[in-house]
Amino acid sequence: MKTIIYEQVGAVATITLNRPEALNALSWDMNQELAELSSRLELDDSVRCVVLQGAGEHFMAGGDIKGFSTGPSDAQSRKIAFERGIAETHGIITRLKRMPKPVIASVQGAVAGFGVSLMSACDLVVAADNSYFTLAYCHIGTTPDGGATYALPRTVGTKLALESALLGDRFDAARALQLGLVNRVVPAAQRQEAAATLAVRLAKGPTAVYGRTKKLINESHNHTLAEQLQAEQESFVASALGADFAEGIAAFVEKRKPNFVGR
């Protein structure tokens with residue numbers, strides 16, 4: 001891969017966006033590589049937790065604007081290029097959200113434009129204290145993509161989502177934590193270690209159950225109470241038939257730590 005470094009240690013996979021000279025801006029190549037890798041990871045049972053991070057001093061400074069400027073000049077060709085590219089981008093977001101395993105974003109420096117969308121598609125976020133965030137799309141005369149207009153109103157509320165989208169102002173990690181956009185803020189030097197520790201902890205957990213829990217929470221906004229209760233019942237029963245439930249019960253009775261296998 002030209003724009004991504006991929007590594008798997010045990011059950012933890014780490015995806016590193018690797019265009020530090022461009023602040024890891026999303027290029028067409030990176031878009032395609034992320035799409036292919038997310039498709040593979042979604043189905044890879046040997047991976048029980050995924051960490052997504054950026055190389056260098058930044059997570060992702062949005063889309064590759066220089067690349068946009070050298071794209072097709074006529075309207076029809078530009079339309080086709082962006083439709084294809086964004087459809088691929090949105091496939092990445094969809095797979096991260098439905099992936100039946102936890103996904104952690106480990107962010108630092110600039111988290112801008114699509115970087116905010118990508119981060120928001122992850123389940124948990126560990127942020128360095130030097131992180132700064134901006135939706136930024138308005139500054140280049142376009143609307144947000146990558147699910148930002150879906151995630152932000154549900155996380156920060158409609159008014160703050162509109163403020164972020166319409167003004168594109170920058171805010172820091174402390175504000176992001178206050179708004180619920182990130183889960184933890186740590187010193188920059190400790191970010192990778194903190195994310196890795198969290199990933200190992202999750203990878204040792206009942207990952208099939210984590211996948212069902214993700215699905216329950218992500219779909220809850222579209223359900224009535226009755227529908228959600230039914231979904232919870234079905235998910236609980238499916239989990240209760242799995243190996244990890246039997247192990248969890250046995251470990252509780254025997255007063256020891258469970259050894260989950262992810263089934």
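A short reminder: the numbers here are calculations on the coordinates, not readings from a lab. What you see is a predicted model, and the numbers here were worked out from it, not measured in a lab. Because the Cβ atoms are built from the backbone with ideal geometry, glycine has one as well, and the counts that use them run over all protein chains shown.
Observations on the model:
- Mean separation of Cα pairs under 8 Å and 6 or more residues apart, divided by the residue count, gives the range 114-160 a relative contact order of 48 percent.
- Theoretical ellipticity at 222 nm over the chain - DSSP helices of four or more residues, -39500 (n - 2.57) apiece, nearest 500: -15500 deg cm²/dmol
- Neighbourhood charge, 14 Å Cβ-Cβ cut-off, centred on L225 and excluding it, Lys, Arg +1 and Asp, Glu -1: -3
- Relative contact order (%) - criterion: Cα under 8 Å, at least six apart; region: the range 90-239: 27
- Unit charges at the beta carbon, dipole of the chain: most positive-side option, A250, P20, G62: A250
- Each Cα pair under 8 Å and six or more residues apart adds its sequence gap; the mean of these over the residue count of the chain is a relative contact order of 17 percent.
- Residues V253, V182 arranged by fewest to most Cβ contacts within 10 Å: V253, V182
- Among the listed pairs K79/K215; K159/K214; K2/K79; K204/K255, those with a Cα-Cα distance over 24 Å are K79/K215; K159/K214; K2/K79.
- Between R256 and I217, the simple label model (points 7 Å from Cα in the Cβ direction) yields a spacing of 3.0 nm.
- Built amide H within the under 5 Å cut-off of I4, gap 5+: N18
- Net charge of neighbours whose Cβ lies under 10 Å from the Cβ of K204, counting Lys and Arg as +1 and Asp and Glu as -1: +3
- Separation of alpha-carbon centers, the range 185-225 and the range 130-164, rounded to whole Å: 22
- Using θ = phi - 60° in the Karplus curve 6.51 cos²θ - 1.76 cosθ + 1.60, the 3J(HN,Hα) couplings for the range 161-173 round to 5, 5, 4, 5, 6, 7, 9, x, 6, 8, 9, 9, 5 Hz; x is entered for Gly and Pro.
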